[in-house]
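Just below is one structure, and these are the notes that go with it.
Just so you know, all these numbers are worked out from the coordinates, no wet-lab data involved. Predicted model only: the values in this text are computed from it and were never measured. Quick reminder, even Gly has a Cβ in these numbers, built from the backbone with ideal geometry, and neighbours come from all protein chains shown.
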Amino acid sequence: MKELWELYISFFRIGILTFGGGLAMLPMLKYELVEKRSWITENTLLDCYAIGQCTPGIIAVNTATFVGYKRKGISGGIIATLGMVSPSLLIITVVAVFLQALIGEPLVQHALVGIRGGVCGLMLNTVYMLAKKSLVNPFCIAVCAGTFLLAFFTKLPTVLIIVLAGAVGVLCDRVIGGAK
Amino acid sequence: MNQALLLIFEFFKTGLFAIGGGPATIPFLMDMAEKYPWFTMQELSDMIAISESTPGPIGINMATYAGFRSLGLFGGLVSTLSLVFPSVVIIILIAKFLDGFQENRIVKAVFAGIRPAVTALIAVAVIQLIQVSLFTEEAGGSVFNYKSGALCVIIFILMQWKKTKKLHPVVWFLLAAAAGILFQL
């Protein structure tokens, strides 16, 4: 019971102290899990992280589940995940309540229009970074271009497009062994 | 169908198919904005700003916010739990049964296909986001809001510049908010 509580608290702390998830979380995970608690080794952490990236879902949550499971089995996996999402639930709910109360103010309206412009700039940057990281060979560029056309010009469900892309990856691996 | 069940279904689906973390959930959230009366595309843009500026994983923050906008406190809780449920099950199965999962050839091939596709899906989502954020619908059709457009371009360029690229997203949003108030966007 005490160990489960410690798992919850540790991941709660990781959740509340990380802005942004993904790679930004790695130093915090390392400090809390490897250096402070010595629950796992740094190599296991990197393994968890690699698995977290090639499974569906939020990378931070996947890592939390994996570490929690390694430590305390299924209940550990669930408790660590709940610890990880608790700060978001609390903070976002408070922010959402406040924003809803303020939304009618003209000042807030102007600020929000500005922020929406800023979000576009930030998201363009996200796409640019992702493209630099993921479009490393002609195969990737072809899949990306094909997906773009499908998603932009057809009404195919997103899920179907993702399944198709996975199938294309396997097919290319079988045929030319070239999907790297 | 019952709204709560729909919310559970949509976020479960997102958790199961959003591969590549937080930003990968955006195309799914966009589908929801189109299909359901829960939140608008503009609100989705606000959600992105808030999720990037508050602690916690971005994907979780967005799910909580989207759920809250749809069905209040209960919605926030339900959508977040539905989003993480598939990953918890999948990760536990992998941890229990599959050693070296990430080294498996088929797994590698599947993800080699999915990764560039996700980049394209997010790119399409960003184009839609730009359509609703930088254009205003008026009687004569949609009009480009050049002030917002300039703000978007300036922030993008500053994010490429060595001295400012490491700044936290919240800094950009505060600047954008100040510009919005100052220039009456």
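What is the spin-label model distance, in nm, from B:E137 to B:L6 if the labels are put 7 Å beyond Cα along the C-beta direction?
1.9 nm
Label points 7 Å out from Cα along the Cβ direction at B:F183 and B:W161: separation in nm?
That separation, rounded to one decimal, is 1.5 nm.
Students often forget the sequence filter, so: which lysines lie under 29 Å Cα-Cα from A:K2 once same-chain residues fewer than 8 apart are removed?
Reachable lysines: A:K30, A:K36, A:K70, A:K72, B:K96.
Can you compute the FRET efficiency between B:K96 and A:T154 using 1/(1 + (r/R0)^6), with r the Cβ-Cβ distance and R0 = 35 Å? Round to the nearest 0.05.
Values: r = 39 Å, r/R0 = 1.11.
In this case the efficiency is close to 0.35.
Please give the average number of partner chain Cβ atoms lying within 10 Å of the Cβ of each residue in A:46-54, rounded to a whole number. Don't skip to the end; give the middle numbers.
Working: counts 0, 4, 3, 1, 3, 9, 4, 6, 13.
Per residue, the number of nearby Cβ atoms from other chains is 5 on average.
Considering the zone a paramagnetic label at B:F74 would reach in this model (a point 7 Å from Cα along the Cα-to-Cβ line), which residues of segment B:1-16 have amide N under 19 Å from it?
Flagged as within label range: B:1-12.
How well do other chains shield peptide A:136-149, expressed as the mean number of their Cβ atoms within 10 Å of each residue Cβ? Walk me through the intermediate numbers first.
Numbers: counts 3, 2, 0, 3, 6, 1, 1, 8, 8, 2, 3, 10, 8, 2.
Mean shielding count: 4.
Once the Cβ-Cβ distance between A:L171 and B:V89 is put in as r, and R0 is 30 Å, what FRET efficiency do you end up with, to the nearest 0.05?
Details: r = 27 Å, r/R0 = 0.91.
The pair A:L171/B:V89 has a calculated efficiency of 0.65.
Does chain A come out rounded, prolate or oblate, given a ≥ b ≥ c as the square roots of the eigenvalues of its C-alpha gyration tensor, rounded meaning a/c under 1.5 and, failing that, prolate meaning a/b above b/c?
Details: a/c = 2.22, a/b = 1.11, b/c = 2.00.
Here chain A falls in the oblate category.
Aspartates and glutamates near B:K13 by alpha-carbon distance under 15 Å, same-chain residues fewer than 8 away left out - which ones?
Those aspartates and glutamates meeting the cut-off are B:D31.
Summing -39500 (n - 2.57) over the DSSP H runs of n ≥ 4 in chain A and dividing by its residue number, what mean residue ellipticity at 222 nm do you reach, to the nearest 500 deg cm²/dmol? Numbers along the way, then the final one.
Values: 7 runs with 139 residues, N = 180.
Calculated from helices alone, the mean residue ellipticity at 222 nm is -26500 deg cm²/dmol.
Sorted by packing (mean other beta-carbon atoms within 10 Å per residue), highest first, where do A:72-81, A:158-167, A:144-153 land? Numbers along the way, then the final one.
On the way: A:72-81: 21.2, A:158-167: 19.0, A:144-153: 17.2.
Sorting A:72-81, A:158-167, A:144-153 by mean packing, highest first, produces A:72-81, A:158-167, A:144-153.
Among all helices in chain A defined by DSSP H, which have a length of 27 Å or more along the axis from Cα atoms plus a Kyte-Doolittle mean of at least 0.5? Mind showing how you got there, number by number?
Numbers: long enough: A:59-102 (45 Å, 1.32); A:106-134 (42 Å, 0.75).
Both cut-offs are met by A:59-102, A:106-134.
Which of the aspartates and glutamates could be linked to B:K166 by a straight reach, that is with a Cα gap under 17 Å, when you skip same-chain ones fewer than 8 residues away?
B:E52
Using a 10 Å cut-off on Cβ to Cβ distances, tally the other chain neighbours for every residue of B:167-179 and report the average as a whole number.
On the way: counts 0, 3, 7, 2, 0, 6, 7, 4, 3, 12, 9, 4, 7.
If you average over the peptide's residues, the count of other-chain Cβ atoms is 5.
Give, rounded to the nearest 20 debye, the magnitude of the charge dipole that chain B has about its Cα centre when Lys and Arg contribute +1 at Cβ and Asp and Glu contribute -1 at Cβ.
Once rounded to the nearest 20, the dipole reads 640 debye.
Helix B:105-134 versus the longest principal axis of chain B: what angle, 0 to 90°, nearest 10, using Cα atoms?
20 degrees
Work out, step by step, the length gained on full extension between A:V97 and A:Y128: first 0.36 nm times the residue separation, then minus their alpha carbon distance; give nm to one decimal. Write out the running numbers ahead of the final one.
Values: separation 31, 0.36 × 31 = 11.16 nm, distance 3.32 nm.
Extra length available between A:V97 and A:Y128 comes to 7.8 nm.
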